[in-house]
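Chemist: Just dropping this structure here.
The values are calculated or read from the model by the stated rules, or taken from the named source; none is laboratory data. These figures come from a predicted structure and were not determined experimentally. Methodologically, a virtual Cβ is constructed for each residue, glycine included, from the backbone with ideal geometry; neighbour enumeration extends over all protein chains shown. Keep in mind that these areas ignore ligands, DNA and RNA; they rest on the heavy atoms of the full protein, side chains included. Shrake-Rupley method; radii C 1.70, N 1.55, O 1.52, S 1.80 Å.
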Amino acid sequence: MSKPSVLVARAVFPEVLARLAEHFEVSDNQADATWSADELSARLAGRQGVFTTASERIDAALLARCPDLKIAANMAVGYNNFDLDAMSARGVLATNAPDVLTETTADFGFALLMATARRIAESEHYLRAGQWTKWSYDLFAGSDVHGATLGILGMGRIGQGIAKRGAHGFGMNVIYHNRSRLTPELEAECKARYVSKDELLQQADHLVLVLPYSPASHHAIGAAELAQMKPTATLINIARGGIVDDAALAAALKAKRIAAAGLDVFEGEPSVHPELLRVPNVVLTPHIASASVPTRLAMANLAADNLIGYLVHGKPLTPLNAAALNA
Ligand code: 8YV
C-alpha cells in the first residue's frame, strides 16, 4: 500500500521532516517560499495532509480545490487561519498545538511587559545611536512592575502563566477579564481577581492581551478602550493582530494617552502600521512569543504527531473539530 502524502507548507526542523518521511510521501518548502492561496491549493491537490503555520489559510475555497485532504495540522495554538465550519463540512480534521508553548509564551509576555515598562528597547536605541552623554535623574524613567496592578484580558493557559509570574514573582495585584470565570481553585492559584472589562481597562497599570482572535474579539482594544486606560498604563499584545486597532493605538501612543505598548503581533503582519514604527514608546517584536528552540521543536513535533496519529493510526492528539467528524 502506498504511503499517504502530506505537504509541509513552511520550512521546519529537518528532524521533523525526517520523522514525517518515515510515514508519508512528503513534499516540503524548506526554501520557505511565500505561496499564494492558489499555489498552496495547487501543491496540496491529491494530498491527504497538510502541516501549516498560522500564515496559511485553510478555508472553503481552498478545500473545494483539495478534495483528498483529510487533515490540516497547525504548528500554532491559535487557529484563526482555519475556517473550522468549512473544514467540518468537508470532513477535514483540524488540529492545533496547545500546551507545549504555554510557559515559553508566558515568559515572553512578561519579558515584553518589563521591556515596555522599563523602556529597555527605547533606551538601547538611544545608547547605540551615541546619544548617551551623561547620567540624569529622569533618563528613561519608566513605571514599576513589582507591586503594580497587572490586568489580563483572556485567561486561558497562557494568561494564567502570566498571572502566576506577576503574582508570585513580582508581588503584583492581578485582575483579569475573560468570557468565563476561572474556578475558585484556579483563581487562588493565580492570585487573580475577576473584574468587568471596564474595570480591567481602568485599573490596570500593565494590561496584557492573551485572548484568541475571532470576529468577536476584532478591535477589542480600540480608541474607546484606550481612552479608559490610565495615562501611565502600558499595553502588551502577544495574542493576535486585529485584537488591537493598531491605528488607534499609534495615535494614543503619539498623544501619550497611554504611556507605552509592547507588541508581538500586528494587523496585516508582517506589515506594521507606519505610525507604530514612528512612535518611540512602543517595543516591537516579530511574532516570536513562542520562539525558544525547544518550544518551537515541540510545536513542530506535535503538529507532525497529529498527522501521524490521524493518517496512520486514526487517532489525532489535539483535534479541534473531532466531534463534528466523529474522529
Ligand atoms: C506561532 C502563535 O509561532 O501558537 C500561536 O498561535 O501565534 C505562535 O506561537 C505562530 O502562530 C506560527 O504558527
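Chemist: Using a 1.4 Å probe on the protein heavy atoms, what percent of the accessible area of the chain belongs to carbon and sulfur?
Modeler: Ligands and nucleic acids excluded, carbon and sulfur reach 54 percent.
Chemist: Suppose each label sits 7 Å from its Cα in the direction of the beta carbon; what would the residue 84-residue 277 distance come out to in nanometres?
Modeler: 3.6
Chemist: I need the phi-derived Karplus couplings for the stretch 122-135: 6.51 cos²θ - 1.76 cosθ + 1.60, θ = phi - 60°, integer Hz, Gly and Pro marked x.
Modeler: Per residue, the Karplus-derived 3J(HN,Hα) values read 4, 6, 5, 4, 4, 5, 4, 7, x, 8, 7, 10, 7, 6 Hz.
Chemist: Under a Cβ-Cβ cut-off of 14 Å, what is the net charge of the residues other than residue 265 that fall near it, where Lys and Arg count +1 and Asp and Glu count -1?
Modeler: -4
Chemist: Kindly provide the helix-only [θ] at 222 nm of the chain, computed as the sum of -39,500 (n - 2.57) over DSSP H runs of four or more divided by all residues, to the nearest 500 deg cm²/dmol?
Modeler: Value at 222 nm, helices only: -10000 deg cm²/dmol.
Chemist: If you build a Gaussian network model of the chain, linking Cα atoms that sit under 10 Å apart, which residue out of 266, 24, 140 swings the most?
Modeler: Maximum fluctuation in the GNM of the chain, among the listed residues, is at 140.
Chemist: Computed over the Cα atoms, what is the radius of gyration of the stretch 1-126 divided by 2.2 N^0.38 Å, N being its residue count?
Modeler: Computed over Cα atoms of the stretch 1-126, the ratio equals 1.29.
Chemist: Given H placed on each backbone N at 1.01 Å, which residues far from residue 236 in sequence or on other chains put an amide H within less than 5 Å of it?
Modeler: 207, 208, 209, 262
Chemist: Now a separate question. Starting from the exponent 0.38 and prefactor 2.2 Å, build the expected Rg for the chain from its residue count and divide its actual Cα Rg by it.
Modeler: Compared with the compact-globule rule of thumb, the chain sits at 1.08.
Chemist: Also: Taking the highest mean first, how do the peptides 215-225, 105-115, 119-129 order by number of other beta carbon atoms within 10 angstrom per residue?
Modeler: 105-115, 215-225, 119-129
Chemist: Return the long-range amide H neighbours of residue 282 (sequence gap of 5 or more, or a different chain), with a cut-off of under 5 Å between placed amide H atoms.
Modeler: 261
Chemist: Compute the Cα gyration tensor for the stretch 10-57, then decide on rounded, prolate or oblate, letting a ≥ b ≥ c be the square roots of its eigenvalues: rounded whenever a/c is under 1.5, prolate when a/b is larger than b/c in the other cases, and oblate in all that remain.
Modeler: In terms of gyration-tensor shape, oblate.
Chemist: Which whole-Hz couplings ³J(HN,Hα) result when phi for each residue of the stretch 275-287 is put into the Karplus expression 6.51 cos²θ - 1.76 cosθ + 1.60, θ = phi - 60°, listed in order with x for Gly and Pro?
Modeler: Taking θ as phi minus 60°, the curve returns 5, 5, 6, 8, 7, x, 8, 9, 9, 10, 10, x, 6 Hz for the stretch 275-287.
Chemist: Restricting the count to DSSP beta bridges whose residues both fall in the chain, what percent are antiparallel, rounded to a multiple of 5?
Modeler: Antiparallel bridges make up about 5 percent of those DSSP assigns within the chain.
Chemist: Going by alpha carbons, how many degrees (0 to 90, nearest 10) lie between the helix axis of 102-117 and the longest principal axis of the chain?
Modeler: 30
Chemist: Counting heavy atoms of the protein chains only and a 1.4 Å probe, report the per residue accessible area for the stretch 102-284 as a whole number of Å².
Modeler: Computed with neighbouring chains in place, this is 48 Å² per residue.
Chemist: Now for a separate question. So what's the net charge close to residue 189: Lys and Arg +1, Asp and Glu -1, counting the other residues with Cβ under 15 Å from its Cβ?
Modeler: So the environment of residue 189 carries a net charge of +3.
Chemist: Counting only C-alpha contacts under 8 Å and six or more residues apart, can you give the relative contact order of the chain as a whole percent?
Modeler: Rounded, it is 18 percent for the chain.
Chemist: Amide H of residue 74 versus every other amide H placed in the peptide plane: which residues, excluding those fewer than 5 positions away on the same chain, fall under 5 Å?
Modeler: The list, which skips near neighbours in sequence, is 52, 95, 96.
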